[in-house]
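So the structure is just underneath, and the comments pick up after that.
The values are calculated or read from the model by the stated rules, or taken from the named source; none is laboratory data. Only a predicted model underlies this, so the values are computations on that prediction, with no experimental measurement involved. Cβ placement follows ideal geometry from the backbone for every residue including glycine, while neighbour counts extend to all protein chains displayed. The protein model used for the area step is the full one, side chains on, heavy atoms only, and it has no ligands, DNA or RNA in it. Shrake-Rupley method; radii C 1.70, N 1.55, O 1.52, S 1.80 Å.
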Amino acid sequence: MSSPDPQMHPRRWGLVDVLVGFFLAQVLAVLVTQLGWSVLLPPGTALGAGLAGAAEGVSLTKSAGAPLVALLVAQLPLWAGLIGAVVYAGQVRGNGVVGDLGLRLKPLDVPLGLLAGIATQGVVVAGYGVWNAVSGGADVDLPARQLAAKADGPLGVVALALLLGVVGPITEELFYRGLLLRSLERRLPPLAALVASAVVFGAIHGQVVQFPGLVVAGLVFGALAQRSGRLGPAMAAHIGFNLTTLALLA
């Protein structure tokens with residue numbers, strides 16, 4: 001029997017790190033966002049737009065009247081918190097993000113992942129189309145259309161595509177298919193861990209109507225990560241999924 005690798009250490013990260021990391025990321029996002037509203041928004045902008053939206057049945061929120069730059073910047077502390085949790089768990093409480101969480105990318109991961117993400121978006125769109133035709137359901141694309149409508153000019157389009165189409169997916173894959181899914185796999189059978197991580201991924205977004213589609217996407221991303229043992233295919237698929245959404249709304 002070979003002796004254990006002296007460079008390897010017990011993996012001390014798990015679901016507690018997921019919960020603490022997510023909570024701290026939310027707190028950081030709220031604090032930074034609240035401090036930034038007065039700088040990024042002209043006085044009365046959010047309130048006026050929120051009241052106008054309320055008259056049309058839209059909930060009153062500060063983000064209702066926020067310009068695109070404010071909404072995008074508000075995501076940065078959340079993403080920073082999630083990445084911080086991943087780095088702390090992997091580097092401090094484990095053997096590194098690469099080895100423990102599978103942060104690796106092979107050349108074929110990009111085209112195959114992008115195709116998987118685009119195909120998944122197609123399936124989700126088709127599914128919602130059938131559902132709406134049968135039931136006259138809610139407007140699934142409303143939140144995304146409202147956000148895309150704020151992207152005025154080439155700079156806004158590029159910022160939206162870069163942050164929500166690339167940075168966001170990479171961050172979420174590190175946390176949800178890296179830290180969360182791997183933590184669940186240490187406690188549950190692979191299929192149960194996959195389903196649980198997809199449900200959490202869908203629920204975290206807080207969009208009731210979009211929840212089924214997000215769960216489907218989470219299942220695809222998680223399956224790619226499980227079968228390959230790498231986050232590369234899942235990241236590429238998530239990027240393809242999000243960019244397809246933005247392209248359909250262009």
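A few comments on the model shown:
- If the condition is being surrounded by 24 or more Cβ atoms within 10 Å (Cβ to Cβ) and among the acidic types (Asp, Glu), then the range 173-185 contributes only Glu173.
- Which listed residue, of Val87, Val123, is in contact (Cβ under 8 Å) with a residue 12 or more places away in the chain, farther than 25 Å from Ala159 by Cα and part of a helix (DSSP H, G or I): Val123
- Residue within the range 35-43 that is modelled with pLDDT under 90, on the phi > 0 side of the Ramachandran plot and open to solvent by 20 Å² or more (accessible area, probe 1.4 Å) present: no
- For the range 160-171, the condition of being open to solvent by less than 30 Å² (accessible area, probe 1.4 Å), of a type in the set (A, V, I, L, M, F, W, C) and either in contact with a helix residue (DSSP H, G or I) (Cβ under 9 Å, 6 or more places away or on another chain) or at pLDDT 95 or above (or both) holds for at least one residue.
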